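A quick write-up on the structure given underneath.
Read-outs: derived from the displayed coordinates by stated rules, not from any lab. Predicted model, so just to flag it, every value in this text is computed and none were measured. Note: ideal-geometry Cβ built from the backbone for every residue, glycine included; neighbour counts use all protein chains shown.
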Amino acid sequence: MWMQTTCNLEFQLDDPTPLILMLRARSSARQWIARESYTLAPNVPVQEYTDIFGNLCQRLIAPAGEFHVRTSADVITRDSTEQAPGGGFVEIPDLPDTTLMYLLPSRYCESDRFGNMAREIVEGLPLGYDQVARITDWIRSNIRYAPGTSAFPISAVEVNLQGEGVCRDLSHLGVALCRALSIPARLVVGYLHGLEPMDMHSWFEAYVADHWYTFDPSTNTPHGGRLAVAYGRDAADVAIYTQFGPPARFSDMEVRVELLDAPPG
């Protein structure tokens, strides 16, 4: 399906402020960026680099006063997410080197504290995809998806204790439970068509059957219309903006995802 995504940010800055932005998606086998627009007002020099997770990052110094970031992209993405019921567990010696970092505990995904819980949730299931699907269903049934309740990232332990969270928090729990079973799992931030209320969205991917598969505990059914912008171990790696120095007054954020009737001309 063809989509147009938009993310506009507005800041009020008292002083010149170093920023790292993560707002440009990469084309891949799952998504193709046909056209994009990225403007800064006022315009400032930007240095772009690729981080250790393969994400495109923009490094700049925003001037004091009002600072606007406006982005849009016309993209083609898959109509539905890939699924692989029965897909097998990949033994640790057979995992690609690039997946190994996603087996370890991280700041918001304390997988070393979820071993017993994870094994109870997936008891009796074949190793691999079916275990991740059961974890996702368990989170949907036991942790309330509550948009707007968490302004800051909370860890998997915290969201499990409080029983509710935003999409990012539910995904942290899914990642931690997967890693507790030695299944590589990573957090994804991006856009999802039809999300209500509309905002940037988070889900997670698990590596089973020699492939990364999408799982989303905050939606009832898997569906496409996703544009992945950034991947990481948890929310600390995939912030769409990171500022340094005194806190900026973040005055507004606008996110839109619209279907296009035809490929852009």
| message | Please rank Asp94, Asp234, fewest neighbouring Cβ atoms within 10 Å first, as an exposure proxy. | response | Asp94, Asp234
| said: Tell me the angle of helix 167-180 to the major Cα principal axis of the chain, expressed in degrees between 0 and 90 and rounded to the nearest ten. | reply: 40 degrees
| query | What's the angle, to the nearest 10 degrees (0 to 90), between helix 129-142's Cα axis and the longest principal axis of the chain? | reply | 70 degrees
| message | As a test of the formula, what do you get for the chain when each DSSP H run with n ≥ 4 contributes -39,500 (n - 2.57) and the sum is divided by the residue count, at 222 nm and rounded to the nearest 500 deg cm²/dmol? | response | -4500 deg cm²/dmol
| task | Based on other C-beta atoms within 10 Å, arrange Ser37, Ser218, Ser155, Ser150 from fewest to most. | result | Ser37, Ser150, Ser155, Ser218
| In the stretch 1-106, trypsin sites (Lys or Arg not before Pro) in a DSSP loop with at most 12 other beta-carbon atoms within 10 Å | none
| By counting other Cβ atoms within 10 Å of each Cβ, how are Val166, Val175, Val208 ranked from fewest to most? | Val166, Val208, Val175
| Amide proton proximity set for Gly232, modelled H, under 5 Å, gap of 5+ | Leu187
| Estimated inter-spin distance, Glu123 and Gln162, nm [label 7 Å along Cα→Cβ] | 3.0 nm
| remark: Rounded to whole angstrom, the alpha-carbon centroid of the stretch 185-209 lies from that of the stretch 90-125 at a distance of 19 Å
| said: Along the Cα→Cβ direction, 7 angstrom out, place labels at Glu258 and Leu104. What is the inter-label distance in nm? | reply: 4.4 nm
| task | Using a/c under 1.5 as the rounded threshold, could you call the chain rounded, prolate or oblate? The axes a ≥ b ≥ c are square roots of the C-alpha gyration tensor eigenvalues, and prolate needs a/b larger than b/c, oblate otherwise. | result | prolate
| Using a Förster distance of 25 Å, how high is the FRET efficiency between Ser251 and Thr149, based on the Cβ-Cβ distance and rounded to 0.05? | 0.70
